[in-house]
Amino acid sequence: MNKKTLWIGAAALAAASLAAAQTTPAASAAPVAASPATPTPKTAGDGIAEYRAMLADGNPADLFEAKGEGLWTTRRGPKAATLEKCDLGKGPGVVKGAFVELPRWFADTQKVQDLESRLVTCMQTLQGFDAAEIAKTRFGQGEQVNVTALATWVAAESRGLRFNLPQGHPEEQRSYEIGKRVFFFRGGTHDFSCASCHGEEGKRIRLQDLPILTRNPGDGVGFAAWPAYRVSNGEMWSMQLRLNDCFRQQRFPFPTFGSEITVALGTYMGVNARGAQSVAPAIKR
Ligand code: HEC
């Protein structure tokens, strides 16, 4: 058995060095073939876009998507039930199209909820999990891992659809207004608001272009890209975690998972993104 492993290892190594030998000349020839007569300078954004395009071929988000799909139909929790009757806004069990209409108003909870907070509600009501306990759990641990996987799959089921958040209910309109105020609310040690980094053309931090989120930033950008797999730390990030990290960048205290403020920011960005095509789950630097 050991011998076999060794042999496979050696074969893989040989194949890898062969592949390397084959690609090296091609790679060194590529810039010559690709450079036009009068080269237009490549922006950092172009470089990152190329990098992402190369990575998108094997987006590890696929693994989380498959896990989420499995979790949906697995009997789990104190009630040993599946999530198949979960109502994500389009009726019990309807998953396709739900993502591009969230956050929205839910009569049973009397709340505007985003995808993740709604999933946790279903985990509580259908499966008997403790929603407050899940909200307190750190990202990347315990049931939070499953919430992220479920969100990844639900989002993937709406891939290619256009955002169309409902704004008919007064609470949905209120959520938008709260989100807008929070987005422009300045404070903290650096007097930052979300708009300081996401409200003007041409802003960039390190190699990262910052999309303008006060309007539709375009297909698959901003709200329309998350959950996303982040190559930089090898993790799958939901929108709740994305926002959590932006609160950190803003030098604000961390918001509570699924809090009214985070959902309101989602409503604000989601409504602004109306008409944008979802590419979630995307892959990010
Ligand atoms: C100090 C600057 C800064 C502030 C303030 C900030 N962000 Fe960000 N934001 C970033 C950076 C940098 C990224 C890209 C991070 C990455 O890809 O690693 C980002 C990414 C995002 C994205 C994903 C964009 C995309 O296309 O993938 C969203 C959505 C977002 N921020 C929302 C917010 C919200 C809402 C707030 C306010 C609560 C906020 N940000 C405050 C710097 C900031």
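Does S232 satisfy being near the ligand (Cβ under 8 Å from one of its atoms), over 13 Å from the mean Cα position of the chain (by Cα), under 22 Å from A61 (Cα atoms) and not aromatic (F, W, Y)?
For S232, the condition - near the ligand (Cβ under 8 Å from one of its atoms), over 13 Å from the mean Cα position of the chain (by Cα), under 22 Å from A61 (Cα atoms) and not aromatic (F, W, Y) - is met.
Which one is nearest to the ligand (Cβ to nearest atom), of the residues in the stretch 183-215 that are in contact with a Cys (Cβ under 9 Å, 6 or more places away or on another chain) and of a type in the set (A, V, I, L, M)?
Here the answer is I205.
Counting just the residues of the stretch 244-285 that are more than 11 Å from the ligand (Cβ to nearest atom) and either aliphatic (A, V, I, L, M) or touching a His at 6+ places or on another chain (Cβ under 7 Å) (or both), which one comes out farthest from L150 (Cα to Cα)?
V271
Inspect the stretch 250-273 for any residue being basic (K, R) and out of contact with any strand residue (DSSP E or B) (no Cβ under 7 Å at 6 or more places or on another chain) and give the result as yes or no. Don't jump to the end; show me each part of the working.
Initial filter on the stretch 250-273 (basic (K, R)): 251.
Filter once more, so that each one left must be out of contact with any strand residue (DSSP E or B) (no Cβ under 7 Å at 6 or more places or on another chain): none.
No.
Under 6 Å by Cβ, and 6 or more places apart or on different chains, what pairs join a residue from the stretch 250-268 that is of a type in the set (V, I, T) with one that is within 10 Å of the ligand (Cβ to nearest atom)?
I261/V182; I261/P255; T262/L243; T262/P255; T267/G179
Would you pick out the residues in the stretch 106-156 that are of a type in the set (V, I, T) and either surrounded by fewer than 18 Cβ atoms within 10 Å (Cβ to Cβ) or assigned to a helix (DSSP H, G or I) (or both)? I'd like the intermediate steps shown before the answer.
If we filter the stretch 106-156 for residues that are of a type in the set (V, I, T), which is where we start, we get 109, 112, 120-121, 125, 134, 137, 145, 147-148, 152, 154.
The answer is T109, V120, T121, T125, I134, T137, V145, V147, T148, T152, V154.
Which of the residues belonging to the stretch 54-99 are among the polar types (S, T, N, Q) and at pLDDT 95 or above? Talk me through it step by step, then tell me what you get.
The first filter runs over the stretch 54-99 and keeps only residues among the polar types (S, T, N, Q), leaving 59, 73-74, 82.
T73, T74, T82 - these are the residues of the stretch 54-99 that are among the polar types (S, T, N, Q) and at pLDDT 95 or above.
Quick check: is even one residue across the stretch 190-201 among the aromatic types (F, W, Y) and within 27 Å of W105 (Cβ to Cβ)? Step through it out loud before you land on a result.
Here is the first cut: in the stretch 190-201, the ones among the aromatic types (F, W, Y) are 192.
Cutting the leftovers down to within 27 Å of W105 (Cβ to Cβ) gives us none.
Scanning the stretch 190-201, I find no residue that is among the aromatic types (F, W, Y) and within 27 Å of W105 (Cβ to Cβ), so the answer is no.
The values are calculated or read from the model by the stated rules, or taken from the named source; none is laboratory data. Small disclaimer: the values here were computed from a predicted structure and weren't measured. Cβ coordinates were reconstructed from backbone atoms using ideal geometry, including for glycine residues, and neighbour counts include every protein chain displayed.
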